Amino acid sequence: MSHNTIGHLFRVTTWGESHGPAIGCVVDGVPPRLALTEADIQPFLDRRRPGQSKFVTQRQEADQVRILSGVFDGLTTGTPIALHIENTDQRSKDYSEIAERYRPGHADITYDLKYGIRDYRGGGRSSARETAMRVAAGAVARRVLGPDVRIRAALVQVGEDQVDRAAWDWSAVDENAFFCPDRAAAARWEQRLLELRKSGNSVGAVIEVVAEGLPPGLGAPIYGKLDAEIAAALMSINAVKGVEIGDGFAAAALTGEGNADEMRMNPDGTVAFQSNHAGGILGGISTGQPVVARFAVKPTSSILTPRASVDRQGREVEVQTKGRHDPCVGIRAVPVGEAMLAIVLADQLLRHRAQNPDAPSVARLPRN
């Protein structure tokens, strides 16, 4: 299996399966002399960790990360950083009944059609368990980006129920089990997910991720577009079926007048954008405004309701997925979305510095 690596200068390769002994990643291209310890990574993993509420899978994993290489005396050395997490709460017997059966909505059938073999225990490599290493790598990417860049994400929709943007409060995100910026919506979602969990069903979600403090100039006009690479990174997250940047699909309903992000000049000579319909990216290049992206996560495919399917011998069967699963997998995708955006931005920042070492750090017009 190839294609386990993302990035150009900042490169992340993940390895491991859901029910294997461990999962891990190698982060290459990190500049030397950056402060980094396991304590810098662990808080991000703790936000994603399973079993923290009744609204996510009850698999109990400590997700304790170990740095195996690339760091000496608390500083990066410029060599590959290997990160390692042990799997400690696998229950492979939960999946014995689907060893020969394909779960609808899962990658079971496509893995078998492509490779002729699959690890049915929790989905193996296709499991969302792999995203723990993305979060760990994302923590390293944040060190590359530096303290001036802030990346935050929130759950903004569960099923058809959206947050009230007038009630948006970033401080509320860490106060509820849903990473929700709207306290009233979080209360509604709690009741909804309790009902879904009891019935063995699931629901989809939308996550919004925002990066602030970025310099202008990240990205390239054609095949290295910042928005294209963000979209690809977010689409690579398990169960993601759609990505939009800025106003996204809503821009199709606007006129040219309504969509234009008008500009004026600040007294200090920097450019002042009057709106941000573009999500901080124009022509594939960052403007210096907040980068805003949203991604849609489908309902968890592992549900208790029997679904029609086929088995490996071509027989028509019914599949009922047992085990411990998220009634809304979008909840734990929030820190994963932050991590993937951080990884793309760290890579783009290093590429930008390599080509334009004297580029401005703010949206200041070049003067002849």
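Taking the conditions (1) open to solvent by less than 10 Å² (accessible area, probe 1.4 Å); (2) outside any helix (DSSP H, G or I); (3) within 30 Å of Glu86 (Cβ to Cβ); (4) not hydroxyl-bearing (Ser, Thr, Tyr) in turn, Val135 satisfies each one other than (2). Each residue in region 138-152 was checked for being open to solvent by 40 Å² or more (accessible area, probe 1.4 Å) and either under 18 Å from Lys298 (Cα atoms) or part of a loop (DSSP other than H, G, I, E, B) (or both), and 2 of them qualify.
Of all the residues in region 308-333, those that are surrounded by 24 or more Cβ atoms within 10 Å (Cβ to Cβ) and β-branched (Val, Ile, Thr) number 2.
Go through Thr270, Thr287, Thr300 for me and flag whichever is modelled with pLDDT under 95 and over 22 Å from Ala333 (Cβ atoms). Show your work before the answer.
Numbers: Thr287 fails: modelled with pLDDT under 95; Thr300 fails: over 22 Å from Ala333 (Cβ atoms).
So the residue among Thr270, Thr287, Thr300 that is modelled with pLDDT under 95 and over 22 Å from Ala333 (Cβ atoms) is Thr270.
Looking at region 187-196, is at least one residue under 24 Å from Met340 (Cα atoms), touching a residue at least 12 places away in the same chain (Cβ under 8 Å) and either basic (Lys, Arg) or open to solvent by less than 30 Å² (accessible area, probe 1.4 Å) (or both)? No, because not a single residue in region 187-196 is under 24 Å from Met340 (Cα atoms), touching a residue at least 12 places away in the same chain (Cβ under 8 Å) and either basic (Lys, Arg) or open to solvent by less than 30 Å² (accessible area, probe 1.4 Å) (or both).
May I ask you to say which residue of Thr305, Thr300, Thr255 is touching a residue at least 40 places away in the same chain (Cβ under 8 Å) and surrounded by fewer than 15 Cβ atoms within 10 Å (Cβ to Cβ)? Before you say what the answer is, go through the steps one by one.
Details: Thr300 fails: surrounded by fewer than 15 Cβ atoms within 10 Å (Cβ to Cβ); Thr255 fails: touching a residue at least 40 places away in the same chain (Cβ under 8 Å).
It is Thr305.
Is it the case that some residue within region 153-160 is touching a Phe, Trp or Tyr at 6+ places or on another chain (Cβ under 6 Å), β-branched (Val, Ile, Thr) and surrounded by 14 or more Cβ atoms within 10 Å (Cβ to Cβ)?
So in region 153-160, the residues touching a Phe, Trp or Tyr at 6+ places or on another chain (Cβ under 6 Å) come out as 154-155, 158.
Filter once more, keeping what is β-branched (Val, Ile, Thr): 158.
Then keep just the ones that are surrounded by 14 or more Cβ atoms within 10 Å (Cβ to Cβ); that gives 158.
Yes.
Going by what's in this entry, would Val209 be described as of a type in the set (Val, Ile, Thr), closer than 30 Å to Ala346 by Cβ, in a helix (DSSP H, G or I) and in contact with an Asp or Glu (Cβ under 9 Å, 6 or more places away or on another chain)? Considered against the rule, which asks whether it is of a type in the set (Val, Ile, Thr), closer than 30 Å to Ala346 by Cβ, in a helix (DSSP H, G or I) and in contact with an Asp or Glu (Cβ under 9 Å, 6 or more places away or on another chain), Val209 comes out as no. Condition check for Phe44 on (1) in a strand (DSSP E or B); (2) closer than 11 Å to Ala132 by Cβ; (3) open to solvent by 10 Å² or more (accessible area, probe 1.4 Å): one failure, at (1). Among the residues of this structure, Ala296 does not count as one that is within 15 Å of Pro216 (Cα to Cα), touching a strand residue (DSSP E or B) at 6+ places or on another chain (Cβ under 6 Å) and of a type in the set (A, V, I, L, M). Output the qualifying pairs, or none if there are none: Cβ atoms under 7 angstrom, residues six or more apart or on different chains, first residue in region 214-234 and in contact (Cβ under 8 Å) with a residue 12 or more places away in the chain, second residue assigned to a loop (DSSP other than H, G, I, E, B) and of a type in the set (Ser, Thr, Tyr). Once the first residue is in contact (Cβ under 8 Å) with a residue 12 or more places away in the chain and sits in region 214-234, its partners that are assigned to a loop (DSSP other than H, G, I, E, B) and of a type in the set (Ser, Thr, Tyr) give Pro215/Ser361; Pro216/Thr287. Here Asp112 does not fit the description of being surrounded by fewer than 19 Cβ atoms within 10 Å (Cβ to Cβ) and under 20 Å from Gly337 (Cα atoms).
Of the residues making up region 260-277, not a single one is in contact with an Asp or Glu (Cβ under 9 Å, 6 or more places away or on another chain), under 25 Å from Glu195 (Cβ atoms) and either among the aliphatic types (A, V, I, L, M) or open to solvent by 30 Å² or more (accessible area, probe 1.4 Å) (or both).
Please specify each residue of region 246-263 satisfying the condition of being out of contact with any His (no Cβ under 6 Å at 6 or more places or on another chain) and within 15 Å of Val206 (Cβ to Cβ). Result: Gly248, Phe249, Ala250.
Residues that are touching a helix residue (DSSP H, G or I) at 6+ places or on another chain (Cβ under 7 Å) and in a helix (DSSP H, G or I) were ranked within region 161-174; the one that is surrounded by the fewest Cβ atoms within 10 Å (Cβ to Cβ) is Ala167.
Annotation: of all residues in region 230-267 being farther than 25 Å from Ile331 by Cβ and among the small types (Gly, Ala, Ser), the one that is nearest to the chain's Cα centre (by Cα) is Ala251.
Quick check on this structure: which one of Asp40, Asp28, Asp73 is at pLDDT 95 or above and more than 22 Å from Val336 (Cα to Cα)?
On the way: Asp40 fails: more than 22 Å from Val336 (Cα to Cα); Asp28 fails: more than 22 Å from Val336 (Cα to Cα).
After ruling out the rest, the residue left standing is Asp73.
Checking region 57-66 against the condition returns a match, with at least one residue being open to solvent by 70 Å² or more (accessible area, probe 1.4 Å), under 25 Å from Leu234 (Cα atoms) and at pLDDT 90 or above.
Taking the condition within 15 Å of Gly246 (Cβ to Cβ), open to solvent by 30 Å² or more (accessible area, probe 1.4 Å), in contact (Cβ under 8 Å) with a residue 60 or more places away in the chain and within 29 Å of the chain's Cα centre (by Cα), does Ile281 pass?
Working: within 15 Å of Gly246 (Cβ to Cβ): yes; open to solvent by 30 Å² or more (accessible area, probe 1.4 Å): no; in contact (Cβ under 8 Å) with a residue 60 or more places away in the chain: yes; within 29 Å of the chain's Cα centre (by Cα): yes.
When the stated conditions are applied, Ile281 does not pass them.
The values are calculated or read from the model by the stated rules, or taken from the named source; none is laboratory data. Every value quoted in this text rests on a predicted model; they were computed, and no experiment measured them. When we count neighbours, we look across all protein chains shown, and the Cβ atoms used for this are built from the backbone with ideal geometry, even at glycine. Surface accessibility is based on the protein's heavy atoms, side chains included, excluding ligands, DNA and RNA. Shrake-Rupley method; radii C 1.70, N 1.55, O 1.52, S 1.80 Å.
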